[in-house]
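Here the structure comes first, spelled out in structure tokens, and everything after it is commentary.
The values are calculated or read from the model by the stated rules, or taken from the named source; none is laboratory data. Predicted, not measured: the structure shown is a model, and the values here were computed from it. Every residue, glycine as well, gets a Cβ built from its backbone with ideal geometry; the counts of neighbours run over all protein chains shown.
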């Protein structure tokens, strides 16, 4: 085959020969030997992953064996894994699509020709989707409202897309409240302003409430 071809084409084979056998395949013949491509079997289980003889032991994936040859081969079963997953994948896709259809607005990457404006007045809330009954064909949407008065930055124009959004009724109220705090605390540092506008330290685990030593004591 020649050195030029071997070093360019079957380069991985060349490296295996060099690293594992100490052979230079451009000058020496490559020996043909029996090899193990994949380990089959493992811990005996039933199809649910439970050991039939060791109570409390659970095994799955490549560690498990329940007498189906090739069951845990990576390239032989691309279909069984998908069959297990596809039903829940479809349910998740329905949550996304059905939830989006209920939103009569456009927001970020979610854009609708019929509803091009972002509507904070009606849709500044999180979509929560659940499957209430096993036989349901669509998820049941619910919503969690966002408290604008607890936001550090009230919703407004984000620097992209059209500016003709519909404001939340409390957006201007919160904006004025933040402006008032800043005027009253003129000259205050960022830590004091943060505590006044939107305190968060009490929500952190105790070990994370200290000052940031890497920033010279600043938060």
| Within the range 167-189, can you find the residues that are under 21 Å from residue 149 (Cβ atoms) and either in contact with a strand residue (DSSP E or B) (Cβ under 6 Å, 6 or more places away or on another chain) or exposed (fewer than 10 other Cβ atoms within 10 Å of the Cβ) (or both)? | 183, 184
| said: Every residue in the range 190-208 that is part of a helix (DSSP H, G or I) and closer than 14 Å to residue 149 by Cα, please. | reply: 196, 197
| Criterion violated by residue 164 - all others in (1) part of a loop (DSSP other than H, G, I, E, B); (2) surrounded by 11 or more Cβ atoms within 10 Å (Cβ to Cβ) satisfied | (2)
| query | So is residue 123 modelled with pLDDT of 85 or more and out of contact with any strand residue (DSSP E or B) (no Cβ under 6 Å at 6 or more places or on another chain) or not? | reply | yes
| query | Does residue 109 count as under 30 Å from residue 159 (Cα atoms), exposed (fewer than 10 other Cβ atoms within 10 Å of the Cβ) and either more than 23 Å from the chain's Cα centre (by Cα) or modelled with pLDDT of 80 or more (or both)? | reply | yes
| field | Scope the range 190-211; condition surrounded by 10 or more Cβ atoms within 10 Å (Cβ to Cβ) and over 25 Å from residue 120 (Cβ atoms); matching residues | value | 191, 192, 195, 201, 204, 209, 210, 211
